[in-house]
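Below is one structure, written out as structure tokens; comments come after it.
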Amino acid sequence: MNKLLKKFLGAGILVLVLAITGILVFKNIMSKTGKTENSNKNDTVSVVIPVYKVEKYLDACLNSVENQTYDDLEIICVNDGSPDNSGEILKKHQEKDKRIKIIDQENKGLSGARNAGMEIATGKWLYFVDSDDMIAPYAIEKIVKSAKEYDADMVKFEKINFEDGQQINITEYPYKKSELRLYEIEGKENPFEFFDMREVYVWERLYKRSFLTENNISFKEGVICEDVLFTWKCELYAKKLVKDDNPYYFYRANRKGSIMDSDFKNLERRLESFFTMVNELVEMRPEFDFENIDNQFLYMMLDLFYEPIKYGLEKNPADQKVFAKRAIHILKDEYIDKYDVQPSENHAKKIKDLETIAM
């Protein structure tokens, strides 16, 4: 009987040793692939980085993402047909960090690159970083903590601007404990009463990926200022938003060759993009029924149209007239008349100004 008992005890100890060994081996494998023990809960953040002609800045950007205090990352770098050495820099970083995935594609622009990254993302959260910018070492850890605590659709935070050529040490900006503000949309509340509509940069927010997929939110390709429509859509559909006053993002301003330096300065091209966005807003209108919705939508449309047409084109009256006519058609025929809208006094005045220009 004692011999039999010893055999059972020996077998149990062997099974226990094998189990512990298996767990240790599994943890070791997970750590080498950039996963942590929290991965079973899918706490992964998919970081999407579009890459195009940024060889001068790419190392600093990738280092800031790789060196996060939060390590459960899926780093998706989309080489958008970059003609410089950016592709080789990506491969160099991938060799030392297996969390990096590289997509090589023909040039599709910023929207196309971000969409390509979104399509293969597997994380619970999605975050966008532009490849000439950087993020604070603790950024993702802090914003994920807020997202989990409040089960938020988005977490909004602040940025620090620095000029291209300016030396900046992102480790010199420590995290400061601040009060988080939770905004919950209930019933027919107007969501834009809680948001600053001019803060439309996509990299100022962490997104729950399921929130984006369930509401079919992606980037409109072939336009500039694509952040505007994407962010407005998110704010229209969101039910929970957390705001944090900490600056987690470091934005490189006035970089020569960037979209903001080139395409944005082409007013006509910018207006063509705005017409595309407004047409989409008009098509979306029946989906929503919150308080003061029509004046809200008119505000959004006029925010895109009014100043660029009235002031931006005043030295080119022929083009100004053409764009004013197009704007009036959308504002009046496609929106006001279609949805029987009574514009506010301020909106009516701006529409009248555009009508005068269009005559």
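For the stretch 308-336, filtering for residues that are free of Cβ contacts under 8 Å to residues at least 40 places away in the same chain and within 26 Å of the chain's Cα centre (by Cα) leaves 0. Meeting the requirement of 1 or more residues that are among the polar types (S, T, N, Q) and either open to solvent by 30 Å² or more (accessible area, probe 1.4 Å) or touching a Lys or Arg at 6+ places or on another chain (Cβ under 6 Å) (or both), the helices (runs of 4 or more DSSP H) wholly within the stretch 124-241 are 209-214. Mind listing whichever residues of the stretch 105-117 are under 18 Å from E204 (Cβ atoms) and among the charged types (D, E, K, R)? Selection gives R114 alone. Has the stretch 27-42 got any residue that is open to solvent by less than 30 Å² (accessible area, probe 1.4 Å) and at pLDDT 95 or above? No: the stretch 27-42 contains no residue that is open to solvent by less than 30 Å² (accessible area, probe 1.4 Å) and at pLDDT 95 or above. Across the stretch 118-160, the qualifying residues are those that are in contact with a strand residue (DSSP E or B) (Cβ under 8 Å, 6 or more places away or on another chain) and among the basic types (K, R), and the one among them that is farthest from L206 (Cα to Cα) is K159. Taking the stretch 343-358 as the range and being open to solvent by 50 Å² or more (accessible area, probe 1.4 Å) and in contact (Cβ under 8 Å) with a residue 24 or more places away in the chain as the test, only K350 passes. Just one of (1) within 28 Å of V223 (Cα to Cα); (2) in contact (Cβ under 8 Å) with a residue 12 or more places away in the chain; (3) out of contact with any Leu (no Cβ under 7 Å at 6 or more places or on another chain) fails for M154. It is (3).
Condition first: outside any helix (DSSP H, G or I) and more than 14 Å from E74 (Cα to Cα). Now tell me which residues in the stretch 101-123 satisfy that.
First, pick out the residues of the stretch 101-123 that are outside any helix (DSSP H, G or I): 101-108, 121-123.
Selection gives D104, Q105, E106, N107, K108.
From the set of residues in the stretch 100-118 that are of a type in the set (K, R) and either open to solvent by 30 Å² or more (accessible area, probe 1.4 Å) or over 16 Å from L212 (Cα atoms) (or both), which is modelled with the lowest pLDDT? Even if it seems obvious, please write down each step before you answer.
So the first thing to find is which residues in the stretch 100-118 are of a type in the set (K, R), and the list is 101, 108, 114.
Now restrict to residues that are either open to solvent by 30 Å² or more (accessible area, probe 1.4 Å) or over 16 Å from L212 (Cα atoms) (or both): 101, 108.
Values: K101: 98, K108: 94.
Once the filter is applied, the top-ranked residue is K108.
Among the residues of the stretch 286-298, how many are within 24 Å of the chain's Cα centre (by Cα), of a type outside the set (S, T, N, Q) and buried (at least 17 other Cβ atoms within 10 Å of the Cβ)?
Quick first cut of the stretch 286-298, residues within 24 Å of the chain's Cα centre (by Cα) only: 287-288, 296-297.
Now restrict to residues that are of a type outside the set (S, T, N, Q): 287-288, 297.
Subsequent filtering for residues that are buried (at least 17 other Cβ atoms within 10 Å of the Cβ) retains 297.
Total meeting the criteria: 1.
Annotation note: of D303, D333, D337, D319, the sole residue that is closer than 24 Å to P191 by Cα, among the acidic types (D, E) and open to solvent by 30 Å² or more (accessible area, probe 1.4 Å) is D303.
The values are calculated or read from the model by the stated rules, or taken from the named source; none is laboratory data. Everything numeric here is computed off the predicted structure, so don't read it as measured data. Glycine gets a Cβ as well: all are built from the backbone with ideal geometry, and neighbour counts include every protein chain shown. When the accessible area is computed, the model is the full protein with side chains, heavy atoms only, and any ligands, DNA or RNA have been set aside. Shrake-Rupley method; radii C 1.70, N 1.55, O 1.52, S 1.80 Å.
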